[in-house]
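J.: The following block contains the structure, expressed as structure tokens.
The values are calculated or read from the model by the stated rules, or taken from the named source; none is laboratory data. This structure is a prediction, so every number in the text was calculated from the model and none was measured. All Cβ positions, glycine included, derive from the backbone under ideal geometry; neighbour counts span all protein chains shown.
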Amino acid sequence: MKVTIYLFCTAVLFLGQSRSEPSNKKFPENFRFGVATAAYQVEGGWADDGKGENIWDHYTHHQPDHIANNATGDVACDSYHKYMEDVEMLKNLGVNYYRFSLSWSRILPTGYTNQINEAGVTYYKNLISALKENGIEPFVTLYHWDLPQPLQEIGGWPNPLLEDNFAEYARTAFTLFGDDVKNWMTFNEPQQTCLFGYGLGATAPGASASGIGEYKCAYTIVKAHAKAYHIYDEEFRPTQNGRVSIVVDASWAEPGSDSDEDKEAAERLLQFSYGFYAHPIYHPDGNFPQVMIDRIADRSEKEGFPTSRLPELSTEEIEYIRGTFDFLCLNSYTTNMVKWTNDYAIGAPGYYADLSVSTYQDPSWNNSASGWLKVVPWGMRKLLNWVDQTYNHPEIVITENGFSDDGRLDDLTRINYYAEYLTSILEAVLEDGVNVTGYTAWSLMDNFQWNFGYLEKFGIYQVDFEDPDRTRTIKSSGEYYKSVIANKCLVDTCEE
Ligand SMILES: *[C@@H]1O[C@H](CO)[C@@H](O)[C@H](O)[C@H]1NC(C)=O
Ligand SMILES: *[C@@H]1O[C@H](CO)[C@@H](O)[C@H](O)[C@H]1NC(C)=O
Ligand SMILES: *[C@@H]1O[C@H](CO)[C@@H](O)[C@H](O)[C@H]1NC(C)=O
């Protein structure tokens with residue numbers, strides 16, 4: 001008997017190490033749960049009631065072959081017409097908050113404040129009051145990748161004048177919605193906007209200027225964020241008492257070995273991808289990461305440029321930008337392994353040449369439907385610890401995390417993903433003392449997944465995109481998340 005019990009225990013221990021069991025600890029009482037979407041990915045109604053054209057409307061209509069199956073967000077989930085159903089779904093899940101974004105062109109069709117579209121304003125006012133009536137806090141992103149096309153016609157984000165256009169738009173939004181919205185995020189994932197939109201030419205607006213475009217874009221965006229923050233601080237905070245931040249995304253970078261070279265390469269990747277946007281705002285010293293300043297200046301000189309391709313922040317700008325956050329917003333989905341490599345030869349400028357590292361993902365990691373997204377729960381805990389230590393123990397809200405598949409209702413792999421990532425987050429909170437206060441699942445429902453169209457599904461609700469009514473159905477993962485929120489617990493019963 002004793003022997004049997006002993007063997008049984010060994011087997012359990014062994015299983016516990018080979019696959020990570022969900023934690024049976026409870027989330028802290030004040031920990032909050034939400035779900036997220038973004039305007040272009042769910043709203044549809046792309047030209048309804050006076051909305052102006054944005055860069056994703058333009059890109060999907062003019063370069064349809066860049067999107068899987070030539071898909072567009074013209075109708076998407078039709079949330080412009082079906083937002084009351086969305087609110088019912090949120091209520092059913094029991095979320096504490098809903099993270100969504102405003103479509104700049106729906107509110108300011110020209111991109112400028114010369115014209116306000118009342119129908120667009122009414123849409124968001126209705127959505128916000130329906131949320132509040134149901135006890136759901138609105139968490140609002142001002143910019144989730146959908147720049148008004150007229151502002152692209154003057155160059156888009158690499159044009160530093162857009163700092164003022166964004167600031168005016170932000171002031172308009174604070175004025176219109178700030179009595180009800182207490183959590184604001186200026187930009188979502190500027191790395192994606194700058195690197196893929198203005199560097200590699202892979203997403204809207206499709207500008208290819210690597211080594212220059214993404215750096216000028218980031219320069220404008222960190223300043224535009226800071227300006228919006230200061231406007232809120234000076235003109236709105238005294239009466240509205242809300243919080244403002246920026247969402248920066250990161251994948252954990254794990255050194256390929258214990259060697260100093262691989263550790264340095266992994267840290268460099270984190271600084272180029274995350275620190276570029278986070279350091280000027282979240283780091284007590286401000287400014288872009290020193291490793292970027294040094295490497296890009298050096299390569300620029302060897303390439304024959306009179307000054308660095310990385311714009312320089314003046315002392316006044318560094319002061320103006322640093323500390324412009326009330327909490328830290330982090331999106332993360334996956335992990336990459338990083339190995340040191342020789343610096344790329346001097347030639348055409350490029351972001352990847354400036355960075356000069358080699359990355360890969362372990363073939364043993366579980367797949368999702370997205371090539372870049374492998375299931376690596378331990379990477380989340382390491383990333384949270386790195387952010388905690390690098391930026392001086394900030395309050396962190398995870399503003400996106402999630403898993404893609406083919407859209408099936410019985411989505412057990414998504415449940416595993418959430419259980420394992422939330423376990424890793426809970427360990428960071430309870431065992432490492434990282435101050436994570438909120439978790440946001442991406443996404444409330446299947447939606448337009450940018451260049452992948454409707455092929456990669458991230459929803460905890462399924463949407464039938466063949467049905468003109470865009471019928472929504474809860475998935476198994478939606479039921480699971482609902483119970484996690486209700487019990488603040490990842491398994492059937494938690495330790496009390
Ligand atoms: C990988 O997938 C298997 C099968 O679904 C599952 O048992 C295991 O827990 C997963 N591992 C991770 C790290 O997600
Ligand atoms: C997608 O758009 C391209 C370019 O307009 C066109 O040639 C192609 O036939 C379209 N494909 C589909 C599947 O509609
Ligand atoms: C987390 O941040 C909040 C807000 O700043 C603060 O009130 C709380 O004391 C912090 N908790 C920890 C464990 O640092």
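J.: Give the residues of the stretch 425-438 that are crowded, with 19+ Cβ neighbours inside 10 Å, outside any helix (DSSP H, G or I) and of a type outside the set (A, V, I, L, M), sorted by residue number.
T.: G438
J.: Under 6 Å by Cβ, and 6 or more places apart or on different chains, what pairs join a residue from the stretch 416-436 that is away from ligand 2 (no atom under 16 Å from the Cβ) with one that is at pLDDT below 95 and not aliphatic (A, V, I, L, M)?
T.: Matching pairs, first to second residue: E420/S20.
J.: Restricting to the stretch 393-424, name every residue that is part of a helix (DSSP H, G or I), of a type in the set (A, V, I, L, M) and surrounded by 23 or more Cβ atoms within 10 Å (Cβ to Cβ). It would help to see each step written out before you state the result.
T.: Looking only at the stretch 393-424, we keep the residues that are part of a helix (DSSP H, G or I), and these are 412-424.
Add one more test, that the residue is of a type in the set (A, V, I, L, M), and what stays is 412, 415, 419, 422.
Result: L422, single match.
Each row is one residue, and each column tells you yes or no for (1) within 22 Å of the chain's Cα centre (by Cα); (2) touching a residue at least 12 places away in the same chain (Cβ under 8 Å); (3) within 17 Å of V35 (Cα to Cα).
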{"residue": "I128", "(1), (2), (3)": "yes, yes, yes"}
{"residue": "K132", "(1), (2), (3)": "no, yes, yes"}
{"residue": "T141", "(1), (2), (3)": "yes, yes, yes"}
{"residue": "L162", "(1), (2), (3)": "yes, yes, no"}
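J.: Would you mention how many residues in the stretch 427-451 are in contact with a helix residue (DSSP H, G or I) (Cβ under 9 Å, 6 or more places away or on another chain) and away from ligand 3 (no atom under 13 Å from the Cβ)?
T.: Qualifying residue count, the stretch 427-451: 11.
J.: Sticking with this structure for a sec: Looking only at residues in the stretch 371-389 that are of a type outside the set (A, V, I, L, M, F, W, C) and crowded, with 18+ Cβ neighbours inside 10 Å, which one is farthest from ligand 3 (Cβ to nearest atom)? Before the answer, list the steps.
T.: The initial filter retains those residues of the stretch 371-389 that are of a type outside the set (A, V, I, L, M, F, W, C), namely 371, 374, 377, 379, 381-382, 385, 388-389.
In the following step, the residues that additionally are crowded, with 18+ Cβ neighbours inside 10 Å were identified as 374, 377, 379, 381, 388.
On the way: K374: 30, P377: 22, G379: 22, R381: 16, D388: 9 Å.
The selected residue is K374.
Quick grid of which residues meet (1) more than 22 Å from Y83 (Cα to Cα); (2) modelled with pLDDT of 95 or more; (3) in a loop (DSSP other than H, G, I, E, B); (4) in contact with an Asp or Glu (Cβ under 7 Å, 6 or more places away or on another chain):
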| position | (1), (2), (3), (4) |
| --- | --- |
| A119 | no, yes, no, yes |
| N126 | no, yes, no, no |
| G155 | yes, yes, yes, no |
| A170 | yes, yes, no, no |
| A173 | no, yes, no, no |
| V181 | no, yes, yes, no |
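J.: Give the residues of the stretch 400-422 that are more than 18 Å from the chain's Cα centre (by Cα) and either under 11 Å from P377 (Cα atoms) or hydroxyl-bearing (S, T, Y) (or both), sorted by residue number. Before the answer, list the steps.
T.: Of the residues in the stretch 400-422, the ones more than 18 Å from the chain's Cα centre (by Cα) are 405-416, 419-420.
Passing the criteria: T413, N416, A419, E420.
J.: Here are the criteria: (1) more than 18 Å from L151 (Cα to Cα); (2) of a type in the set (F, W, Y); (3) touching a strand residue (DSSP E or B) at 6+ places or on another chain (Cβ under 6 Å). Tell me which single one F187 does not satisfy.
T.: (1)
J.: May I pose another question? Give the stretch 60-88 a look and list any residue that's assigned to a helix (DSSP H, G or I), away from ligand 2 (no atom under 16 Å from the Cβ), touching a helix residue (DSSP H, G or I) at 6+ places or on another chain (Cβ under 8 Å) and of a type outside the set (F, W, Y), or say none. Give the derivation first.
T.: Just the residues of the stretch 60-88 that are assigned to a helix (DSSP H, G or I), to begin with: 60-62, 64-66, 68-70, 79-88.
With the extra rule that they be away from ligand 2 (no atom under 16 Å from the Cβ), the set shrinks to 79-88.
When the remaining residues are screened for being touching a helix residue (DSSP H, G or I) at 6+ places or on another chain (Cβ under 8 Å), the result is 79-80, 83-84, 86-87.
Across the stretch 60-88, the qualifying residues are S79, M84, D86, V87.
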